[in-house]
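This report concerns only the one structure given below.
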Amino acid sequence: MQLFVNGLRAVSRAGDQSCRYGGEEFCVLLNCADLAAVIAYDERLRLWLQQHSAGELGFALSYSAGIAMRMHDTDTVETLLQRADIALYAAKSQGRGCTLAWSPA
């Protein structure tokens, strides 16, 4: 768990925030990020974890992620968390190491 937290800290930019959201779930809020920035963040985190977990743990640490982007000015944090949760469970159903973005369709 601590290794994952260290990875979040290592790849985050100034203004990004992360917190533990559940037992083994984390929430990351990327400040002023479009989908390309979110994908780049995901790639940086995966690479950081690959580079650091194999040596410390003896295996490569992986994760699944759900992405929700703010679509309207009226979107609330609760709405974004619900969307991210839907995307996360869809990603988990596809297997380890998958990231999916929520889509209204």
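The values are calculated or read from the model by the stated rules, or taken from the named source; none is laboratory data. All values derive from a computational prediction rather than experimental measurement. Note that each Cβ is placed from the backbone with ideal geometry, even for glycine, and that neighbours are counted across all protein chains shown. All accessible areas refer to the heavy atoms of the entire protein, side chains included, with ligands and DNA or RNA removed. Shrake-Rupley method; radii C 1.70, N 1.55, O 1.52, S 1.80 Å.
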Report task. From the P(r) of the chain, can you give the percent of Cα pairs sitting at distances over 21 Å? Result -> 33 percent
Report task. Just the number, please: carbon plus sulfur as a percent of the accessible area of the chain, 1.4 Å probe, no ligands or DNA/RNA counted. Result -> 54 percent
Requested in this report: Consider a paramagnetic label point 7 Å from the Cα of Ile39 along Cα→Cβ; state which residues of the stretch 54-88 have an amide N under 14 Å from it.
Outcome: 67
Report summary line: Rounded to the nearest 500, the 222 nm mean residue ellipticity computed for the chain from DSSP H runs (n ≥ 4, each -39500 (n - 2.57)) alone is -16000 deg cm²/dmol
Report task. Only Lys, Arg, Asp and Glu count, each charged at its Cβ (+1, +1, -1, -1), so figure out the dipole size of the chain about its Cα centre, rounded to 20 debye. Result -> 240 debye
Report summary line: Taking the reciprocal of mean 1/r across every pair of different Cα atoms in the stretch 6-52, the Kirkwood radius in Å is 11.2 Å
